[in-house]
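Structure record follows, encoded as structure tokens.
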Amino acid sequence: MQRQLKAPVLQISETRGNPVEAFNRQATPIGRVVQLRLPVGSFTWHRPVAVEVRQGETVHRLPIHDTTSRAISAIVLTGLAVILVSLSIRKVRSRRRKTS
């Protein structure tokens, strides 16, 4: 019996789109793919990371800043902080009631 190689659970890779030429410049979109494979299914997230601009021999990589994911992360972390602070305040108050 042959042993099957298992696919990695988490795989992160970079993709390059089709180059577009205009005004003697070549622009190539670059993306990042995060794949999570589980026994019940898989999750794939593909997001833009940068644009590579080539003019003659010079190549510039222009990053794409994702402000939406930063804002979502800040909202989630703020929510978690509020929950943790409220739980700790509730715990301190319940201890004070028991001792008095």
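The values are calculated or read from the model by the stated rules, or taken from the named source; none is laboratory data. As the structure is a computational prediction, the values presented were derived from the model and not from experiment. Cβ: placed from backbone, ideal geometry, glycine included. Neighbour counts: every protein chain shown. Quick note on the areas: whole protein, heavy atoms, side chains included, nothing else; ligands and nucleic acids left out. Shrake-Rupley method; radii C 1.70, N 1.55, O 1.52, S 1.80 Å.
Quick look at the values:
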item: Solvent exposure ordering (accessible area, 1.4 Å, most first) of THR28, THR67; result: THR67, THR28
item: Using distinct alpha-carbon pairs, which all enter the 1/r mean, Kirkwood radius of segment 20-59 in Å; result: 12.3 Å
item: With Cα atoms, 0 to 90° folded angle of helix 67-99 axis to the chain main axis; result: 10 degrees
item: Rg and Dmax of the chain, Cα atoms only, in Å; result: 24.0, 80
item: Among ARG90, ARG16, ARG32: highest mean-square fluctuation, GNM of the chain, C-alpha pairs under 10 Å; result: ARG90
item: Within the accessible area of the chain (1.4 Å probe), percent carbon and sulfur; result: 60 percent
item: Net charge over other residues, Cβ less than 11 angstrom from the Cβ of ILE30 (K, R count +1; D, E count -1); result: +2
item: Whole-number percent relative contact order across the chain, with pairs defined as alpha carbons under 8 Å at least 6 apart; result: 17 percent
item: Accessible-area ranking of VAL51, VAL59, largest first, probe 1.4 Å; result: VAL59, VAL51
item: Selected from VAL85, VAL33, VAL53 as most flexible by GNM, with the chain as the system and alpha-carbon contacts under 10 Å; result: VAL85
